[in-house]
Amino acid sequence: MAKKRRIIIGSALAASLALGGGWAADRFLIEHVEVTDVSAYEAANATVDATTYDTSDAVVTATTYESDSATITVSKVTAGSGDDTVTYYLADVVLADATVLKSAFADDSFGENVTELPSAIAEANDAILAVNGDYYGFRDDGIVIRNGVVYRDKGVREGLAFYADGTVQVYDETTTSAAELVANGVWNTLSFGPAIVENGEVVDGIENVEVDTNIGNHSIQGDQPRTAVGVIDDNHLVFVVVDGRNTGYSTGVTLPELADIMTSLGATTAYNLDGGGSSAMYFNGEIVNQPSNGGERATSDILYVAS
């Protein structure tokens, strides 16, 4: 895998917290819970009927899990050598029903700055497989629909919608509403991005995209740890978590390189999720990748398949 000149991304978050005082702490550190006991809230507000059912030079190792609800094959892939080594984890997931793929919030609560380790969220929800989500709690905008229930309706960016019939679509949040999406059968949405593959082709210009323009998150470029979801077919998804910032083990990848991985897997659509230190894959009781922080980073949400 050819590598381009590395770009080092700096973060102004720590300095800004020191300078911003109470405002910055309130914006980025203090929990603002909007919904407590999310499980009960979803049970009371659900509008979708969730049916429940009891590369050539790469080194690949794989483990498969099968149940009535899903078949999951998790592979570790290592390609390249030396400073160009890239290691990523691939979960190939075939669902019996689209609603088997669920979302869960940290501490079973919805709001800004509410975080928990991905493994803890996964264990609390009896997950067999989980990846970090879009870190919705870092911001106060976007359309947030989870498990058929609306939590936030403030469209600003390019989102991804999972429908209860198994289809998955990239969409413009600013041209619709959460209520309209749910009425059309949307089960889950993600609000991060960008879309990196559409119609089986790598999206042009993704190397220049800024997902957010808020403090400390201006750019997602360069070689980075990554998390992405790709669509092979209805109810057939691939989740990829790329490790990074660890020379000799895995340097990370650029967005175009991530898109190349997804197209090589046969994805017709692929979408970038929160990455960096947040990138994590949980499988069969443990985090299987090596997060760049030296351990898991607490985040606000996961996507998961229950055991």
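The values are calculated or read from the model by the stated rules, or taken from the named source; none is laboratory data. Here the structure is a predicted model, which means the values were calculated and not measured. Here Cβ is always computed from backbone atoms with ideal geometry, including for glycine, and neighbour counts include all displayed protein chains.
Could you check, for the range 81-101, whether at least one of its residues is in a strand (DSSP E or B), of a type outside the set (Phe, Trp, Tyr), closer than 28 Å to SER39 by Cα and in contact with a Lys or Arg (Cβ under 9 Å, 6 or more places away or on another chain)?
First pass over the range 81-101, keeping only residues in a strand (DSSP E or B): 86-95, 101.
Within this subset, residues satisfying the condition of being of a type outside the set (Phe, Trp, Tyr) are 86-87, 90-95, 101.
From what is left, the residues that are closer than 28 Å to SER39 by Cα are 91-95, 101.
Retained after the next criterion (residues that are in contact with a Lys or Arg (Cβ under 9 Å, 6 or more places away or on another chain)): none.
No: the range 81-101 contains no residue that is in a strand (DSSP E or B), of a type outside the set (Phe, Trp, Tyr), closer than 28 Å to SER39 by Cα and in contact with a Lys or Arg (Cβ under 9 Å, 6 or more places away or on another chain).
Just to be sure, is VAL94 among the aliphatic types (A, V, I, L, M) and either buried (at least 18 other Cβ atoms within 10 Å of the Cβ) or at positive phi (or both)? I'd like the intermediate steps shown before the answer.
On the way: among the aliphatic types (A, V, I, L, M): yes; either buried (at least 18 other Cβ atoms within 10 Å of the Cβ) or at positive phi (or both): no.
In short, no.
What's the total number of residues in the range 57-74 that are within 23 Å of the chain's Cα centre (by Cα), surrounded by 16 or more Cβ atoms within 10 Å (Cβ to Cβ) and either within 17 Å of VAL242 (Cβ to Cβ) or at pLDDT below 95 (or both)?
Residues that pass the stated criteria total 1.
Just for the range 21-41: of the residues that are within 11 Å of PHE110 (Cα to Cα) and assigned to a helix (DSSP H, G or I), which one is modelled with the highest pLDDT? Break it down into steps so the answer makes sense when it comes.
Here is the first cut: in the range 21-41, the ones within 11 Å of PHE110 (Cα to Cα) are 31-39, 41.
Next, only the ones that are assigned to a helix (DSSP H, G or I) stay: 38-39, 41.
Values: VAL38: 80, SER39: 74, TYR41: 69.
Within the range 21-41, the match that is modelled with the highest pLDDT is VAL38.
Condition check: more than 28 Å from TYR171 (Cα to Cα) and small (Gly, Ala, Ser). Does GLY277 satisfy that? Outline the logic, then answer.
Details: more than 28 Å from TYR171 (Cα to Cα): no; small (Gly, Ala, Ser): yes.
So GLY277 does not fit the description; no.
Taking the condition of being touching a Lys or Arg at 6+ places or on another chain (Cβ under 9 Å) and among the hydroxyl-bearing types (Ser, Thr, Tyr), how many residues in the range 258-307 meet it?
Result for the range 258-307: 4.
Residues of the range 127-136 being under 14 Å from the mean Cα position of the chain (by Cα) and surrounded by fewer than 24 Cβ atoms within 10 Å (Cβ to Cβ), which ones?
If the condition is that a residue be under 14 Å from the mean Cα position of the chain (by Cα) and surrounded by fewer than 24 Cβ atoms within 10 Å (Cβ to Cβ), then TYR135 is the only one that fits.
Within the range 170-198, which residues are under 20 Å from the mean Cα position of the chain (by Cα) and either assigned to a loop (DSSP other than H, G, I, E, B) or surrounded by fewer than 19 Cβ atoms within 10 Å (Cβ to Cβ) (or both)?
TYR171, ASP172, SER191, PHE192, GLY193, PRO194, GLU198
Residues checked against (1) under 22 Å from ILE220 (Cα atoms); (2) out of contact with any helix residue (DSSP H, G or I) (no Cβ under 9 Å at 6 or more places or on another chain); (3) at pLDDT 95 or above:
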position: ILE128; (1), (2), (3): no, no, yes
position: VAL131; (1), (2), (3): yes, no, yes
position: ASN147; (1), (2), (3): no, no, yes
position: TYR151; (1), (2), (3): no, no, yes
position: PHE162; (1), (2), (3): no, no, yes
position: ASN184; (1), (2), (3): no, yes, yes
position: ALA195; (1), (2), (3): yes, no, yes
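Filter the range 243-286 for residues that are in contact with a Pro (Cβ under 8 Å, 6 or more places away or on another chain) and of a type in the set (A, V, I, L, M); which is modelled with the highest pLDDT?
Looking at the filtered set, the residue picked out is ALA280.
Return only the number of the condition from (1) within 23 Å of VAL186 (Cβ to Cβ); (2) in contact with a Lys or Arg (Cβ under 7 Å, 6 or more places away or on another chain) that PHE138 does not satisfy.
Failing condition for PHE138: (2).
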